[in-house]
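These notes are about the structure you will find just below.
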Amino acid sequence: MKTRHFLTMLMIAFFSGLSLQSHAQEESAESFLGMWALTLDYENNNAGWLEVWQEKGYLDADLLWRWGSVLPVGHTLVAGDMLLLIQGRDVVKKIEGLPDRTLHPIQWLEVAKAGEDRIEGVANFPNRDGIGVEVVSFTGKRIPPEGEVPKLRKSMFGDPVELFNGTDMEGWELTDKGAVSGWKAADGVMVNDPVQKRGEVHIQYGNLRTIGTFEDFNLKLEVNVPQGSNSGVYLRGIYEVQVMDSYGKELDSHNMGGLYSRIIPSEAAEKPAGEWQKMDITLYKRYLTVKLNGKTIIDNQPVKGVTGGALTADQFSPGPILLQGDHGKVSYRNIVLTPIVEK
């Protein structure tokens, strides 16, 4: 009887421990939920973004790391007080004289709480040959909800400012001082022509930004995109409204006028390549409206976070207007910004 009583008590203690551990992990998972602005330990392009949520009993996450698009995380889990984000993909390995092998290399992020609204962690990127790992540290700050949809009044707009004088590049500078400029002004048009010569070393052309910074505003401009080319207009230096030759393509957030990888235009309003197109963009707080060629394709929608290539992960400070110049030929003209001033 004593032995049976001891085993019973041991089992109760064991399962109670599991229950307490499970409860603690549920609390830990809860503390990671939400959106996070990430600052990555790189010298340049150090902005990132993370969103973690729980749906139908499962943890899930989306991640933006420096460039490109917001992508779903392959597997999201909590181990103890640590959040783990694991990415992987199949890669076919070809070695002469041996059968092809399908590998599944992974990358993983280890995230820990560093305060009530702070996180910190490291990202692990294994080398392609499987020997060694690049480790990049990062920090994160919780992003509060967008809040109520803001309402604009005509009385809130200030005086228009011409950002481009039509004759020279006054008021503009490259974001990367070490890059080559493909930009020039002539006959009222700002042209970027990043020429690459076949067989020669690739030239790193630079993006162009205003020296001045802006918070809330309406931005009007005209843009001409040659066939197959693309650029982008960054608002506050962090939100990219896509500029590209996407005429005739299915709706996508990477098309002309979309917020890159975040907001899909409601309709295709772009013109064929080589024609001048009008963009009318309003950014107020964290809400975006885009009119393309007279049609509203994004209507006062919330912006959840920065887009790839952002100058910073900070969504709450003024920033420049930035024109992407390292992708292809593009021309801009009649660039006018009207600030929004709350009175």
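The values are calculated or read from the model by the stated rules, or taken from the named source; none is laboratory data. Remember, predicted model here, so these are calculated numbers, not experimental data. Cβ sites come from the backbone with ideal geometry, for glycine too, and all protein chains shown count toward neighbours.
Here's the yes/no breakdown for (1) at pLDDT below 95; (2) charged (D, E, K, R); (3) surrounded by 13 or more Cβ atoms within 10 Å (Cβ to Cβ):
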residue: ASP81; (1), (2), (3): yes, yes, yes
residue: GLN87; (1), (2), (3): yes, no, yes
residue: ILE106; (1), (2), (3): yes, no, yes
residue: ALA112; (1), (2), (3): no, no, yes
residue: GLY121; (1), (2), (3): no, no, yes
residue: ASN127; (1), (2), (3): yes, no, no
What pairs come out if I take residues in the stretch 145-158 that are closer than 27 Å to GLY34 by Cβ and pair them with residues that are surrounded by 10 or more Cβ atoms within 10 Å (Cβ to Cβ) and modelled with pLDDT of 90 or more whose C-beta lies under 7 Å away, six or more apart or interchain? GLU146/ARG286; GLU146/PRO302; VAL149/TYR287; VAL149/ASN300; PRO150/TYR284; PRO150/LYS285; PRO150/TYR287
Unique match (being farther than 27 Å from LEU71 by Cβ and at pLDDT below 95) among GLY199, GLY188: GLY199
Go over the candidates VAL306, VAL330, VAL290 one by one and state the one that is more than 17 Å from VAL243 (Cβ to Cβ), crowded, with 22+ Cβ neighbours inside 10 Å and at pLDDT 95 or above. VAL306
